[in-house]
1. Amide H of Leu64 versus every other amide H placed in the peptide plane: which residues, excluding those fewer than 5 positions away on the same chain, fall under 5 Å?
2. What's the extension gain from Leu120 to Gln56 if we count 0.36 nm per residue and subtract their Cα-Cα distance?
3. Using per-residue counts of other Cβ atoms within 10 Å, averaged over each peptide, order 21-30, 69-78 from highest down.
4. Using the number of other C-beta atoms within 10 angstrom as an exposure proxy, rank Val115, Val35, Val16 with the fewest first.
5. In whole angstrom, how long is each semi-axis of the equivalent ellipsoid of the range 21-149, when you take the square root of 5 times every eigenvalue of its Cα gyration tensor and sort them from largest down?
6. Could you pull out every residue, at least 5 positions away or on a different chain, whose amide H is within less than 5 Å of the one on Gln36? Hs are placed 1.01 Å off N in the peptide plane, and Pro or chain starts have none.
Amino acid sequence: MPANRRSTMLGMSRKVLFAIEAVLDIAYHAGSEPVQSREITRRQGIPRRYLEQALQSLVRDGILVGVRGPRGGYRLARERRRITVGEIVRVVRPAENEDDPLQDGPTSPLGCQVVRPLWLDLQGEVMLQLNRITLDDLCGRANAAGIVSEGRQAIDFVI
């Protein structure tokens, strides 16, 4: 693939993938304190300019709650089993300023009547699958992969 072409997964931009990673980070590493954006950046390597914009959109749409103050950060707005990857994608994608290739897409009969509908069907199938995957599912995958949760590691159960 030429270096100037961006890599996408059925129109899934890096910003959307970063947002999914950020929310998963909050779900997986949450302890007793909110998760700070600098911790997400440290763990995931997500550029701050993408991260803050995505987190604010997710707060506005009720997926995350922003906590102010010196120990502030972000928490999930509801249980991780009640938040789907599809929700995150639907919140972050409209906030992107990138052109939608389907809007300015093909004008030929084959493009309009065959290729474009195929692409829309495939995107619909992907969204159906993403709507079935919860943050809890992804946290289970992270745990099975042996990724250590910093938030749970910091909780002291000694009485």
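Values in this text are rule-based calculations from the coordinates and carry no lab data. All figures in this text were calculated on a predicted structure; none of them were measured in a lab. Ideal geometry is used to build each Cβ from the backbone, glycine not excepted, and the neighbour counts take in all protein chains shown.
1. Answer set, sorted by chain and number: Val59, Ala77.
2. Here the segment from Leu120 to Gln56 would lengthen by 20.2 nm.
3. 21-30, 69-78
4. Fewest to most other Cβ atoms nearby, the residues stand as Val115, Val16, Val35.
5. 32, 17, 12
6. Excluding prolines and chain starts, which carry no amide H, the hits are Tyr74.
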